[in-house]
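A short write-up of the structure that comes next.
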Amino acid sequence: MNEWLVILPLLLGWLLDLVLGDPTWLPHPIVWFGKAIAFCEHHLNKGQHRKVKGALVAIGLIAITFAIGLIINCQLSIINFVIVFFCLAGTTLIREVREVFRAVDRSLEEGRRQVARIVGRDTSELSAQEIRTAALETLAENLSDGVIAPLFWLAILGVPGMLAYKMVNTLDSMIGYRTERYKDFGCWAAHIDDIANYIPARLTALLMIIGYRLLAISDWPKAKNQKLIAFVWRYGRNHASPNSGYPEAALAGILNCRFGGPHYYFGELFDKPYIGENDRELTTDDMKKAVLINRTAEVMMVILTGLCLWFI
């Protein structure tokens, strides 16, 4: 009976995300995380010792979030499923990616506006192919950051660990850039995020490959597990992030396409290496296959997390 009480928040939280996503009318903890980070950055990212101040902010906010998670876990364990729900971000991103493909099919400008909702790069001059590529890259990366990694830390450290991971991820997404403004203040946030995602990113790529083989859809590229693993090993390191390249490489290998290349972030050009070689035109069918792979990997990770919680 106790084992089911441990697993129930996972199942309820995941099912809620599956059905609701992130409703705009619902207050979201990530918004509070963002406000806390923005407040600290505004007041401390100036003058000398920015690297030290950034480290204290990152470590302090993560520690406070973990402590809040512990309090909730001990005193209000009945609402743990709400925390799980808030920490998962699979459904909303899938909906957004679908909307990007629908929008770009209607017009290039509409596609640029829609993809700007989910990527940090400058979208004002993207081609239709670049818009679709950006959406699929984000879909693969979000599977790791928004689903697999939170579940991994839930299995390792429970609800407090899952909540703390979301703070880590939010810190990186807001200040973990190598731009002039953030390169010192946000460097600790970026390094902590790299550590937190090291195993989950590689696990994500493996789950995607396993999911692809389980689905075995006849009209997909005829790639064997060994070839896909070699592809991910070769191209997964072709990314500025030590982690993001692995799920992106897994999806590029499965779809037999090419990701990466130069992009503008905050007005600065970042020349990313290419992931894959086949610069073919991406289609709505590719998006549907990518979504199916995401969902399959997500279900497998929920099962693995449930087993860990049950036995541990």
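Tabulated data
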| read-out | value |
| --- | --- |
| So K46, is it touching an Asp or Glu at 6+ places or on another chain (Cβ under 9 Å) and open to solvent by 50 Å² or more (accessible area, probe 1.4 Å) | no |
| Filtered residues of region 300-310 (kept if more than 14 Å from V6 (Cβ to Cβ) and open to solvent by 60 Å² or more (accessible area, probe 1.4 Å)) | I303, L304 |
| Residues of region 69-125 classified as of a type in the set (G, A, S), within 17 Å of the chain's Cα centre (by Cα) and either open to solvent by 40 Å² or more (accessible area, probe 1.4 Å) or at positive phi (or both), total | 2 |
| Breaking point among (1) surrounded by fewer than 24 Cβ atoms within 10 Å (Cβ to Cβ); (2) in a helix (DSSP H, G or I), for K166 | (1) |
| Helices (runs of 4 or more DSSP H) within region 1-117 that include 1 or more residues closer than 24 Å to D194 by Cα and of a type in the set (D, E, K, R) | 29-44, 50-75 |
| Failed item in (1) open to solvent by less than 50 Å² (accessible area, probe 1.4 Å); (2) under 26 Å from I303 (Cα atoms), with A189 passing the rest | (2) |
| Verdict on W4 being modelled with pLDDT of 95 or more and closer than 27 Å to A155 by Cα | no |
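The values are calculated or read from the model by the stated rules, or taken from the named source; none is laboratory data. Model, not experiment: these values are computed from the prediction. Counting neighbours? That spans all protein chains shown, and the Cβs are built from the backbone with ideal geometry, glycine included. Surface areas here come from the heavy atoms of the whole protein model, side chains and all, with no ligands, DNA or RNA. Shrake-Rupley method; radii C 1.70, N 1.55, O 1.52, S 1.80 Å.
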